[in-house]
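Note sheet for the following structure.
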Ligand code: COD
């Protein structure tokens, strides 16, 4: 897969799902909703201050047709998060989407023991980038949810990203475990964890993918750099999924792809009872639409497994 456009093309063939949006009173969020409706992707439940939603919708000429859009009038950030998440929990909607709300507030509602979307697994963030000049798409995980994952959590973060990749058509994604160097250095925990994760995949404790690490960023993405260091592996230079050791590394890479390389992005949270569209508030309407498309398409794997 080379472009995010291919994902949007595939969504059109899937069954219609309902998306619960937490606080959509924001121009970029409503524009994404407008484009999604124009392309007949899904229907929406908009949770937030109805007056603000109606006023923002009228600013961008979005028709609030009740056949495709329902509004639930709720005020206050934590209450909006609770109602939007509960709608998915109670199966009134299939997918959750973050609108103009803090990531933390939404994730806290998602993790709520009674009305959240916990599945008993680790939840993690999976971003997919189309970077100009590159011959393939790159997944990056976890850039936004797990702060400093231990080995056990890292294994589940890989599995969650693999689930999304397979959901959109990758048969056996290649996973690079990133570290500052490509050899084990006992003073760098990221290199030790990477070597163990690689062996866990070889022994069948991580499935559906090929894992290799530690790999430095250049050895993971460029075959020239991998050859230069004489690294022979199925993943080196050809990685599809980049797994980072911490949120600091992930978030900085995410923002540098977008701001320095003009990357297009789509992002979801995987591992919950339903897919969650989770982009930065600053992301464009296009990114939000791409993320929605990724959630809609990859949700087939959720349906199969739940
Ligand atoms: N998957 C599954 N369960 C989890 C996860 C997870 N990733 N994280 C926490 N839980 C469970 C815990 O086991 C516990 O039972 C409960 O949830 C509460 O855990 P805490 O005390 O760690 O929860 P919070 O609310 O303090 O923190 C959870 C957040 C996801 C909010 C936190 O990890 C966080 O702030 N992450 C970073 C979010 C962020 O600011 N991103 C910015 C980049 S956009």
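Coordinate-derived values only; no laboratory data. Note that the coordinates shown come from a computational prediction; the quantities given were computed from them, not determined experimentally. Neighbour counts run over all protein chains shown; Cβ positions are idealised from the backbone, glycine included.
Taking every DSSP beta bridge that has both ends in region 151-293, the antiparallel portion is near 20%. Considering only 246, 20, 58, the Gaussian network model of the chain with Cα springs below 10 Å gives its largest mean-square fluctuation to 58. A simple packing score, the average count of other Cβ atoms within 10 Å per residue, orders the peptides 139-146, 189-196 as 139-146, 189-196, with the highest score first.
Rounded to the nearest angstrom and listed largest first, the equivalent-ellipsoid semi-axes of region 42-175 from its Cα gyration tensor are 31, 20, 14.
Of the peptides 178-188, 47-57, the order by per-residue mean of other Cβ atoms within 10 Å, starting with the highest, comes out as 47-57, 178-188. Which of 206, 80, 147 moves most in a GNM of the chain, Cα contacts under 10 Å? Largest GNM mean-square fluctuation: 147.
Across 264, 154, 255, mean-square fluctuation computed from a Gaussian network of the chain (C-alpha pairs under 10 Å connected) peaks at 255.
Mean separation of Cα pairs under 8 Å and 6 or more residues apart, divided by the residue count, gives the chain a relative contact order of 22 percent. Can you bin region 146-242 into rounded, prolate or oblate? Criterion: square roots of the alpha carbon gyration tensor eigenvalues sorted a ≥ b ≥ c, rounded for a/c under 1.5, prolate for a/b above b/c, oblate for the rest. Judged from the Cα gyration tensor, region 146-242 comes out oblate (a/c at least 1.5, b/c at or above a/b). For region 163-215, the alpha carbon convex hull comes to 70 Å³ per residue, rounded to a whole number. When both bridge partners sit in the chain, DSSP labels roughly 30% of those beta bridges antiparallel. Highest mean first, the peptides 275-288, 108-121 sorted by other C-beta atoms within 10 Å per residue fall in the order 275-288, 108-121. Specify, per residue and in Å³, the volume enclosed by the convex hull of the alpha carbon atoms belonging to the chain. Per residue, the Cα convex hull of the chain comes to 121 Å³. Taking the centroid of alpha carbons for each part, region 51-77 and region 125-171 are 32 Å apart.
Per residue, the convex hull spanned by the alpha carbons of region 1-90 comes to 114 Å³.
Does region 97-211 come out rounded, prolate or oblate, given a ≥ b ≥ c as the square roots of the eigenvalues of its C-alpha gyration tensor, rounded meaning a/c under 1.5 and, failing that, prolate meaning a/b above b/c? Verdict is prolate for region 97-211.
Compactness of region 83-145 is given as radius of gyration and Dmax, 14.5, 46 Å, from Cα positions.
Semi-axes of the equivalent ellipsoid for region 50-126, computed as √(5λ) from the eigenvalues of its C-alpha gyration tensor and ordered from largest down, come to 25, 14, 12 Å. Once the mean of 1/r is taken over each pair of separate Cα atoms and inverted, region 1-43 shows a Kirkwood hydrodynamic radius of 11.5 Å. Remark: the residue 91-residue 115 segment gains 7.5 nm on full extension, using 0.36 nm per residue and subtracting the alpha carbon distance.
Helical content alone sets the calculated 222 nm signal of the chain at -13000 deg cm²/dmol, taking -39,500 (n - 2.57) per DSSP H segment of four or more residues and averaging over every residue. For region 218-306, rounded, prolate or oblate, judged on the Cα gyration tensor with a ≥ b ≥ c (square roots of eigenvalues), a/c < 1.5 rounded, else prolate if a/b > b/c? Here region 218-306 falls in the oblate category.
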